[in-house]
Amino acid sequence: MPLSNYRHFCLVLITILTTSACSSTMPATSGTTITPTSDDPAPEITQTANQLSQIQAQLTSLQTQINGLQNQINDVRQQQATLSRYMNVRTPSSKVNSAKTPATSDNISEARRLYNAGLYAQSIRLLKNADSGGNGNTLARERMWLLLQNHARLNNCESAINIGKRFVNLFPQSSQSPNALYLVAQCQAHLQQQDIARTTYQRIISSYPNSSAANKARHQLKK
């Protein structure tokens, strides 16, 4: 082999060996993997989410209670407005009559308005001392009869029975006496005094046979 060719061959061989050595000493980076750390935030996130859910549930419960209280407040305000309207309204005729007649003639009309509005307790307060029958005149009888009806509407049966019996004893000829006795009998039955109620129904029939209360009493006795 000529010397020039031999030198050329040696240079090529040295170049190839050098390149191979460099390649073998380079660190392999393409297959490198990263080991994950153990600080995983998932449990803390889950705990926080649960706490937020509990707080939201408590807020919802409080809002429901607030809504209920607001409804109750609105009901009370409505009742107060109704009472105020009936207490403050006065007709011109009532103003004239109030100057000429006792105060009881004025509050009987107010008590009747309250009764018709279903405000029985307020009507009773305006009929103070009406259970005595007063002086026995027409106004006194009207006030006592209205007081009896108010107590019966409220199922104040003991008061209704006492007032009803007293009304019949004071005003036996009144057109409302059979009705007063019927309310007494109804209250007696409500208090589970069935035998006493039957006796009162029979008294209505014997004392006021042609009254509508007697017809209702007969119906009750057939039950």
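The values are calculated or read from the model by the stated rules, or taken from the named source; none is laboratory data. Note that the structure is a prediction, hence the values are computed from the model and not measured. Quick reminder, even Gly has a Cβ in these numbers, built from the backbone with ideal geometry, and neighbours come from all protein chains shown.
Of the residues making up the stretch 182-202, those that are under 20 Å from D131 (Cβ atoms) and either of a type in the set (F, W, Y) or more than 36 Å from the chain's Cα centre (by Cα) (or both) number 2.
Per-residue answers, yes or no, for (1) at pLDDT below 90; (2) part of a loop (DSSP other than H, G, I, E, B):
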site: Q65; (1), (2): yes, no
site: V76; (1), (2): yes, no
site: R85; (1), (2): yes, no
site: S94; (1), (2): yes, no
site: E110; (1), (2): no, no
site: S123; (1), (2): no, no
site: D131; (1), (2): no, no
site: W145; (1), (2): no, no
site: N155; (1), (2): no, yes
